[in-house]
Amino acid sequence: MNGAAAQGGSEKLVEAEDLRRRYGEGEAAVDALAGVTVAFPAGRFAAIMGPSGSGKSTLMHILAGLDRPTSGTVRIGGVELTELADRELTQLRRDRIGFIFQTFNLLPVLNGEENILLPLSIAGRKPDREWFDRLIDTVGIRDRLSHRPAELSGGQQQRVAVARALITRPTVVFADEPSGNLDSKASNDVLELLRHAVDDFGQTVVMVTHDAHAASFADRLLVLADGRIVHDGESLSSEHALDLMKSVG
Amino acid sequence: MLSLVLRGFMQRKLRVLLTGIAIALGVALMAGTYILTDTINKSFAGIFNVANRGHDVVITPRQSLGRNTRSKTSPVTDQILAQVRATPGVAEAAGSIFTPGSFLDVHGKRLTVGGAPAFIGSEVPKRFESFTVAHGRFATNANEVAIDEATANRNNLKLGEKMVVAGSAPARDYTIVGILRFGGGQSFGGAGAAILTLPEAQRVLALPGHFDQIDVAAESNPAHPVSASVLRERIRAVLPATVDVRTGVQQAAKDTSDLESNLSFIRTFLLVFAYVALVVGAFIIFNTFSITVAQRTREFGLLRTLGGSRRQIMQSVVYEGLLLGVGGAVLGLLGGLVLAPALNALFKAFGADLPHNGTVLETRTIVVSLLVGIVVTLLAGLPPALRATRVPPLAAMREGVEIPPRPLPSRRALIARTVGLLLVCVLLGLAAGGGVVLVLLLLAWAWWLGKTLLRVRRGGGPPHYRLVPALAQVIGVLVTWRGVTGQLARENSIRQPGRTLITAGALTVGLALVAFVAVLADGTKATINRAVSRSFAGDLIIENSQEGNREQGIPALLAPTVRQVSGVASVTPVAFTVGRLPGSSSNATITAIDPATFERVYRVEWKQGSNATLLGLGNEGVVLTKGYAESKHLKLGQTISMLTPAEKHVSLTVRGIASDNARLLGNLTITLALARASFGQRDDALDFVSYAPGATNAQVQPAVNRLLAAAFPQARSRTAAQFKQDQANQINTLLALIYVLLALSVIVSLFGIVNTLILSIYERTRELGMMRAIGTSRRQVRQMIRYESVITALIGGVFGLVIGVVGAVLVTSLTLSGSGYVQSIPVGTLAILLVVAAVAGLLAAQLPARRAARLDMLQALMSE
């Protein structure tokens, strides 16, 4: 971690306590999360790994206010999510959270620039031009701004998506398998970008992935299995992470 | 395959329901029309059966020129009655009167509503009487009247009260001594009957010694029974050819069939709207099937990979259409049962109250409704089904494989197809009786041509409809200022221009017709206004005050009476009659005028001849309108023979040719004297009044009105301005009726918009999920869908208005050029139509918008 990240300090931006999430009822009930307590401090890059069905996606969805826990609490920047109504939750996602999806999820009818500015447009806010310029240079898509997603490569689309997630300077960016649909070159580019956002902009990033190589870009590695955190520590090299995964899988 | 289709249906209940309703509404209007008109016909048949019960033989005036020539002196006279009575085998014969007149209360208010007829009748001997006394008794002297129960109830008239009966003599009042019920208690519709004594009825109608009908009962001596048909033969042998002699059974059948053909226009009129709704429904089915086929590309690809044949793919789609067609048609048929009384209520609200006893559901109604519903659905689903067969097996493997477009045919083939389609449309249209059907088919053809041209310009690639994006850009301004939701709505609306075009097209059909009719009506009003201003030189027009008063004239006595009012310089009666050229099957319209005074009140646009020609017409001269002379190749000086309503043949020499934009002059113009002498014309249609120099309307019109109220309460006076307003009101009433009926098509097209939106939202599930995730509120999602719907609806609206206006202008300038038709575009009405389209779009978006806003975000994000 370099100096630029220090501006976030070690303040805990995202906190979850004893999160439980149960799907279904009775005998068929499945506990996707069986009591997860975790905190993400500002300006750090965390990776959440785990085998299929470990609950890693569910955890991210609940942390991001997309899903509600069966019990437990989530706080983002001090705001208790589980007590918010849909409208307030929407507002919170709009202002405080950035999203990066595996499938990019750009709007095909908007061009690159419009897609990046979409969160601001939705909020009815004027973009900060300086920030916008800095962002597009960082992600390197200045010459692709007027293109629609159909005219962009997967890597370019995901870079637009990263810029979209950062444009509102969110409290935290959640990335769901951001490199899952990309070839290794594009994948590295996007992961470098996230790393860069944390290091240079002090952005807080939480990434869910099943790819040990992707996880190696993070500062911290969390491993989930059967709805519980089974590992929480410094990031590991891909090989070590793989071994760890094998042991829990 | 069928079970697969059924399972698919169960998974898409809402869409199946919406699509089914789209076809069901058209079928419902069709079934409702048949049910209503069958019911009305059956009711009339019942009425006529009762009316002719106990009549072995019936003698009526011969009406070679059809039933609508009533205003004539009946050839059935006392003398004929005497001849009938003298015929062996006749037990009893009685003459009677049953002629339309006017009933009013003592304050001059009409007792019948709308255009419903009021019959003045005379009592007949017991065995012929179809009325029974409910309260009181029949009239026994000239001061008494018995009236039908419905009229009495509607106006709250009681025994002992007074009412006015107006015919051809000056009106007077009568004391009500009886309330009558028509045999069997059947509804008479809105019609009324007032039964006077025979001499009084004859006096009121200025028909002393004449009857409308003679009823005959045969001798019932068991020793020498005389059958009705034998008696008919005997009577026929002694009576002149100016009367018809029928058995009671024949007469009832004749009355029924006459009436059916008179009312057949109602069926045709309503069916046109049913066809329009069906065309719109077909659009929706085509569109829905096209979209679902596109969405199921992968599924079809999989079926193909697993070894499914093209035929099986096609079958699965066609079965879906078949099921939908059957469901929609059955639903429509049931809807027809509900709609029939609603249609009747609608007609009643617009002044046409026809009898309807029970509900008649003929087998024909069931068969035709089901067949039409199913066939339309199948035909509309066929192109998408064919398209589905072109899905390559590869589609199962890869995302985003599209169905390859059909290769564009060669230019020559395209031109041949275009011309061929045009011919088919024109021939079909003409076969269906031209008119609206023809216009509809031509519109469909123009639509096809437009689509093809757009495709040709793109050079064979996938059809890309340039007009839609361009229009959406313009219309989008309405919503894009609202921010990103508006912008996204606009972009989404043009994502699939073809789909938007067809969705909007369903609305276009209805709105184009509304615009077409609105422009036509506005032009007609303008034409009437100008024609009245140009041609009418008098000060007042006197006419019957009953709505739709073309049939109901005013007494001939009225003109000489009004002439006595101080300030009146002249009164010019005008009468309308008909005649028939030998060998022709249709009637020529004839206007009868008073040559001495006509030029004072009316400006004739002479082509050949002058006002002096009128003075020289005499009993054998005729003036033709230019159009009629041209169509019959008649020239000045030629002599023609005319069969008159009085069953006489008259020779007429063409003395002049005129054009008449006001359409007062019929095909032929003759003198009133000739009309009275040879055409049996009794009443007049209109009286034109001109004032003496110095007399003002403020003095004269009230004086005329006082006279009318006292002696001829069925008539009213109108200034030229009032007359124009009356005409405009009549057109507006018809217009309103047409709007109500076209509204059904617009409603059908709304279902199409709903359907397309729901399907599009389904396609964009993941996008919506993402938008919600990054902070789009539910309200914004709803807004976006609504805006998209409004844009689509407005695209349909703009196309509809353009097609309707251009169509109306084209049709009128092609068919009415030279007739003095004045083009007029009702800008206000058209603007309102656009607003209606936008509101319709908003309405259609309600359900889809709510569904989109309620999408489960997580599932949406994870959906494919």
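Read-outs: derived from the displayed coordinates by stated rules, not from any lab. For clarity, every value in this text was computed on a predicted model and none was experimentally measured. When we count neighbours, we look across all protein chains shown, and the Cβ atoms used for this are built from the backbone with ideal geometry, even at glycine.
So, with +1 on the Cβ of K and R and -1 on the Cβ of D and E, and no other charges, what is the size of the charge dipole of the range B:540-718 about its Cα centre, to the nearest 20 debye?
On the way: 17 positive and 13 negative charges, 36 e Å.
It comes to approximately 180 debye.
Note on residue B:585 and residue B:106: the extension gain reaches 168.0 nm, defined as 0.36 nm multiplied by sequence separation minus the Cα-Cα distance.
For B:770, B:10, A:49, A:245, what's the fewest-to-most ordering of other Cβ within 10 Å of each Cβ?
Values: B:770 24, B:10 8, A:49 28, A:245 19.
Ranked by crowding around the Cβ, least crowded first: B:10, A:245, B:770, A:49.
You can think of it this way: the chain between residue B:371 and residue B:827 has 160.1 nm of extra reach, that is 0.36 nm per residue less the Cα-Cα gap. Each of B:310, B:298 has some number of other Cβ atoms within 10 Å of its Cβ, and from fewest to most they run B:310, B:298. Amide H to amide H distances under 5 Å link residue A:168 with no residue, where only residues 5 or more positions off or on other chains count and H is placed in the peptide plane.
Grouping the Cα pair distances of the range B:729-864 into 5 Å bins from zero gives a pair-distance distribution of 2, 9, 15, 16, 14, 11, 9, 7, 6, 4, 3, 2, 1, 0 percent in increasing distance order.
Highest average first, the peptides B:132-140, A:11-19, B:200-208 ordered by how many other beta carbon atoms sit within 10 Å of their residues are B:200-208, A:11-19, B:132-140. Nearest 10 degrees, 0 to 90: what angle lies between the long axis of helix A:112-123 and the longest principal axis of chain A (Cα atoms)? With rounding to tens, the tilt is 60 degrees. Cross-link partners for residue B:648 among the lysines, with Cα-Cα distance under 17 Å and sequence neighbours closer than 8 places in the same chain left out: B:72.
Distance distribution P(r), chain A, all Cα-Cα pairs, bin width 5 angstrom from 0: 1, 6, 14, 18, 19, 17, 13, 8, 3, 1, 0, 0 percent.
Given R0 = 51 Å, the distance between the Cβ atoms of residue A:145 and residue B:416 translates into a calculated FRET efficiency of 0.55. Taking 7 Å steps out from each Cα toward its Cβ at residue B:161 and residue B:113 produces label points 1.6 nm apart. The helix-based estimate of mean residue ellipticity at 222 nm for chain B, built from -39,500 (n - 2.57) per DSSP H run of four or more residues and divided by its residue count, is -19000 deg cm²/dmol to the nearest 500. When the Cα positions of B:192, A:172, A:79 are compared along the charge dipole of the protein assembly as shown, B:192 comes out farthest toward the positive end, with charges on each C-beta of Lys, Arg, Asp and Glu. Taking max minus min of the alpha-carbon positions on each principal axis, the range B:98-206 gives extents of 32, 28, 25 Å, largest first.
Which shape class, rounded, prolate or oblate, goes with the protein assembly as shown when its Cα gyration tensor gives a ≥ b ≥ c as root eigenvalues, a/c under 1.5 marks rounded, and past that a/b bigger than b/c marks prolate?
On the way: a/c = 2.91, a/b = 2.58, b/c = 1.13.
Here the protein assembly as shown falls in the prolate category.
Label separation (residue A:183 vs residue B:133): 10.7 nm, computed from points 7 Å beyond Cα along the C-beta direction.
If you take the beta carbon distance between residue B:92 and residue B:835 as r and set R0 to 51 Å, what does 1/(1 + (r/R0)^6) give as a FRET efficiency, to the nearest 0.05? It comes out at approximately 0.15. DSSP beta bridges confined to the protein assembly as shown are antiparallel in about 70 percent of cases. Rounded to the nearest 20 debye, the dipole size of the protein assembly as shown about its Cα centre is 2160 debye, using +1 on the Cβ of Lys and Arg and -1 on the Cβ of Asp and Glu. Listed by chain and number, the aspartates and glutamates whose alpha-carbon sits under 17 Å from that of residue B:109, ignoring those within fewer than 8 places in the same chain, are B:161, B:173, B:543, B:547.
Calculate how many DSSP beta bridges within chain B are antiparallel, expressed in % of all such bridges and rounded to the nearest 5. Numbers along the way, then the final one.
On the way: 68 of 88 bridges.
If we restrict to bridges inside chain B, about 75 percent are antiparallel.
Using the Karplus relation 6.51 cos²θ - 1.76 cosθ + 1.60 with θ = phi - 60°, the per-residue 3J(HN,Hα) values for the range A:89-102 come to 5, 4, 4, 5, 4, 5, 8, 10, 10, x, 10, 10, 10, 4 Hz, with x marking Gly and Pro. Between the listed residues B:612, B:725, B:44, the Cα displaced farthest toward the positive end of the dipole of the protein assembly as shown, a dipole computed from Cβ unit charges relative to the Cα centre, is found at B:612. Of the residues B:393, B:58, B:708, the one whose Cα sits farthest towards the positive end of the charge dipole of chain B is B:393 (charges of +1 on Lys and Arg Cβ, -1 on Asp and Glu Cβ, taken about the Cα centre).
Between helix B:2-11 and chain B there is an angle of about 90 degrees, using the helix long axis and the longest principal axis of the Cα atoms.
Only alpha carbons enter this Debye calculation for chain B, each as an equal point scatterer, and the log10 of I(q)/I(0) it gives at q = 0.07, 0.10, 0.11 Å⁻¹ is -0.70, -1.15, -1.27. Counting only other chain Cβ atoms within 10 Å of each residue's Cβ, the peptide A:75-87 averages 1. Dipole size of the range B:98-206 about its Cα centre, with +1 on Lys/Arg Cβ and -1 on Asp/Glu Cβ: approximately 60 debye, rounded to the nearest 20. The Kirkwood radius of the range B:540-718, taken over pairs of alpha-carbon atoms, gives through the Stokes-Einstein law at 37 °C and 0.692 mPa s a diffusion coefficient of 195 µm² s⁻¹. Of all DSSP beta bridges confined to the range B:98-206, the antiparallel ones make up roughly 65%.
Taking other Cβ atoms within 10 Å as a rough exposure proxy, B:517, A:208, B:280, B:700 sort from fewest to most as B:517, B:700, A:208, B:280.
Residue by residue along B:773-786, Cβ atoms of other protein chains within 10 Å of the local Cβ number 5 on average.
Report the calculated FRET efficiency for residue B:223 and residue B:63 (r = Cβ-Cβ distance, R0 = 30 Å), to the nearest 0.05. Numbers along the way, then the final one.
Numbers: r = 38 Å, r/R0 = 1.27.
The value I calculate is 0.20.
Note on residue B:364 and residue B:302: their simple-model spin labels are 5.0 nm apart, each label 7 Å out from Cα toward Cβ.
Compared with the dominant Cα axis of chain B, that is its longest principal axis, helix B:13-51 is turned about 10°.
On full extension of the chain, what length is gained from residue B:763 through residue B:740, given 0.36 nm per residue of separation minus the C-alpha to C-alpha distance?
Numbers: separation 23, 0.36 × 23 = 8.28 nm, distance 3.54 nm.
Using 0.36 nm per residue and subtracting the Cα-Cα distance, I get 4.7 nm.
Short-range pairs are left out: with C-alpha atoms under 8 Å and at least six residues apart, the relative contact order of the range B:787-864 is 55 percent.
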